[in-house]
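The numbers here are math on the coordinates, done by the rules we state, and not lab data. Predicted model, so just to flag it, every value in this text is computed and none were measured. Positions of Cβ are generated from backbone atoms using ideal geometry, with glycine treated the same way; all protein chains shown enter the neighbour counts.
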């Protein structure tokens, strides 16, 4: 996996538990599906993940608001950026400008390491939650300025294909400004889709989760790689001059909105990595297993005809 980590500037994941010092007894976690993650693990997590979404049905498992606030503090201590919330009425937490590692090349000079702000938006629609237009519109203000990755949490668990209600919501995310939608929650890899030239991955499966006893489907994971390129000195200058984009609830969006009259065009390409977790530690999947994962994700048909620009 080290080679895969080095192949990308940043990794983004879905953290499905609050991170606190207050333990939940193991048997309660098993019987009642109430989770807690210890902060001691974050040092190792930070070696792999640069950003985590908290928009899922388990980040409220340790005393709700208290648990997620502890999660924020623990992630900030190890410099992992985050976005999203278990409560969709907390609209201020839906999207966050994230300072993603990037490289700036001028003529034939060596690439310069910089950060490039993009928006990540998390939507938790597990259970009897009816999406509101106000939640979609949060994303629009970011989409006017920068690329947007939406990472929703929704759907029927262990189902190999997305159900109609989920498809409708993920289409709405694209219609309201998302450039790509990468979903989670079913614990298995689901189908993907090209919708209006934009990629929707309905479920990426389990990367690190203790469901090995449920069989092969729940040990597979699809990693989606995105490469973005931007030309145009004025736009690059505006993006790279934005400061404080590493902080939660920063003013990065406001800074950029005052510098840019319209969003520039980004060139985009897509890649994949396949993983399986037959033991406690995820590992790179074999070629045959990767073929199976990509088939489940309907990757070939979903990526056929995608727009090369955002």
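Summary table
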{"quantity": "Euclidean distance of C-alpha centroids, the range 89-138 and the range 220-265, integer Å", "calculated": "9"}
{"quantity": "Residue order, fewest to most surrounding Cβ atoms within 10 angstrom, among 195, 123, 136", "calculated": "195, 136, 123"}
{"quantity": "Degrees, to the nearest 10: 133-143 long Cα axis against longest axis of the chain", "calculated": "40"}
{"quantity": "Contact order relative to length of the chain, as percent, for alpha carbon pairs under 8 angstrom and 6 or more apart", "calculated": "14"}
{"quantity": "Cα long-axis angle, helix 164-175 against the chain (0 to 90 degrees, to the nearest 10)", "calculated": "20"}
{"quantity": "Centroid-to-centroid separation of the range 179-200 and the range 268-310 [C-alpha atoms, Å]", "calculated": "12"}
{"quantity": "Neighbour-count order for 52, 34, fewest beta carbons within 10 angstrom listed first", "calculated": "34, 52"}
{"quantity": "With Cα atoms, 0 to 90° folded angle of helix 65-77 axis to the chain main axis", "calculated": "60"}
{"quantity": "Calculated percent of Cα pairs over 24 Å apart (choose from [x] 65; [y] 52; [z] 68), label", "calculated": "[y]"}
